[in-house]
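Report on the structure given below.
Throughout, read-outs are computed from the coordinates displayed, never taken from laboratory work. Not measured: the values here are computed from a predicted model. Cβ coordinates were reconstructed from backbone atoms using ideal geometry, including for glycine residues, and neighbour counts include every protein chain displayed.
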Amino acid sequence: FQLKDTLWTQVGPAVRGTSRGEQMGFSVSLSQDGRRFACGGPSNLHDDEKSGVVRVFDKSWDDKWNQIGDSLSSGVGDAFGFSVSLSKDGKVLVVGAPEMSDEGFSNVGFTDIFMLR
C-alpha cells in the first residue's frame, strides 16, 4: 500500500502463495525505496513436510509485482522463510530457518545470506 494524502491505496495486485499450506507473507521485508520486497512462506509443503520458500519481487513501471530470480528454498522441515530481511538497496537478503535440525539436535536453526548479482 502507498499513502497518498490521508488514504492508503494498494500498489499492484496481491502476491499469493503457489502451493498448499505455504503461508506466503508470513514474513516480509521492503527495500528503502519501496520497489523491491521479499516474502517468506515457512510452511510450503513438499511431500507433506514443511520446507519453506522465499520469493523476491520488483515493482514494474505499471505497478505490478514481478518475481526476480528463482524461488529460494532449503531442506525439508526447517521453516525456511520464517524471517526475511532485505538491505536498504534491496541487493542483500537474509533468510531465517529456525526449525532445522542437525546432528541429533532439533530446532537449532540457521540463517542464509543471499546477494543479488
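Tabulated values for the structure
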read-out	value
Over the chain, equivalent-ellipsoid semi-axes from the Cα gyration tensor in Å	28, 15, 12
Peptides 7-15, 90-98 ordered by average Cβ neighbours within 10 Å, highest first	90-98, 7-15
Whole-Hz couplings from phi, Karplus 6.51/-1.76/1.60, listed for region 75-90; x for Gly and Pro	x, 5, x, 9, 6, 4, x, 4, 9, 9, 8, 9, 5, 3, 7, x
Cα-based Rg and Dmax for region 1-61, where Dmax is the largest Cα-Cα distance (Å)	13.8, 47
Sequence ranges 70-80, 20-30, 106-116, ranked by mean other-Cβ count within 10 angstrom, highest first	70-80, 20-30, 106-116
Cα-based Lys proximity count in the chain, under 21 Å, for pairs eight or more positions apart or on separate chains	6
